[in-house]
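Asks: One structure coming up, written as structure tokens, with questions to follow.
Nothing in this text is a laboratory measurement; each read-out follows from the coordinates by a stated rule. Here the structure is a predicted model, which means the values were calculated and not measured. With ideal geometry, Cβ positions are generated from the backbone for all residues, glycine too; neighbour counts draw on all protein chains shown.
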């Protein structure tokens, strides 16, 4: 198995996603689960097209990790603008 990184964003009425390793591969869905399934289909479709055109397949990017910072850093009262 190869791991690809997808970014999921929530809109007002649905979700959208894109794949970091495959620019232009996007999908939408009403739920996170549907967007995940839709992205799998979009990725498979894109890779099949690349194979048919004899294009080289992309190499997966490095893994991503989350970093945790204190919640107070996102509170407006603790926000200080950095002078230019």
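Asks: Starting from the Cα-Cα distance between residue 9 and residue 68, subtract it from 0.36 nm times their residue separation and give me the gain in nm to one decimal.
Replies: Details: separation 59, 0.36 × 59 = 21.24 nm, distance 1.91 nm.
That pair, residue 9 and residue 68, stretches by 19.3 nm at full extension.
Asks: Could you calculate the contour length gain from residue 20 to residue 61, that is, 0.36 nm times the residue separation minus the distance between their Cα atoms, to one decimal place in nm?
Replies: Numbers: separation 41, 0.36 × 41 = 14.76 nm, distance 0.79 nm.
Full extension of this stretch gives 14.0 nm more.
Asks: Applying a 10 Å radius around every beta-carbon, put 20-26, 68-74, 38-44 in order of their mean neighbour count, most first.
Replies: On the way: 20-26: 14.4, 68-74: 7.7, 38-44: 16.3.
Ranked by mean Cβ neighbours within 10 Å, highest first: 38-44, 20-26, 68-74.
Asks: Another one. Please give, to one decimal in nm, the separation of the simple spin-label points placed at residue 52 and residue 33, each 7 Å out from Cα toward the Cβ.
Replies: Distance between label points: 3.1 nm.
Asks: Would you mind checking the tilt of helix 32-52 against the longest principal axis of the Cα atoms of the chain, expressed as 0 to 90 degrees and rounded to 10?
Replies: 40
Asks: So I have (1) -0.87, -1.05; (2) -0.94, -1.11; (3) -0.68, -1.04, and one of them is log10 I(q)/I(0) by the Debye sum over Cα atoms at q = 0.18, 0.22 Å⁻¹ calculated from this model. Which one is it?
Replies: Comparing each candidate, only (1) matches the computed number.
Asks: Suppose a student asked you for the relative contact order of the chain, using Cα pairs under 8 Å spaced at least 6 residues apart; what percent would you report?
Replies: On the way: 86 pairs, mean separation 18.0, N = 84.
Dividing the mean separation by the residue count of the chain yields 21 percent.
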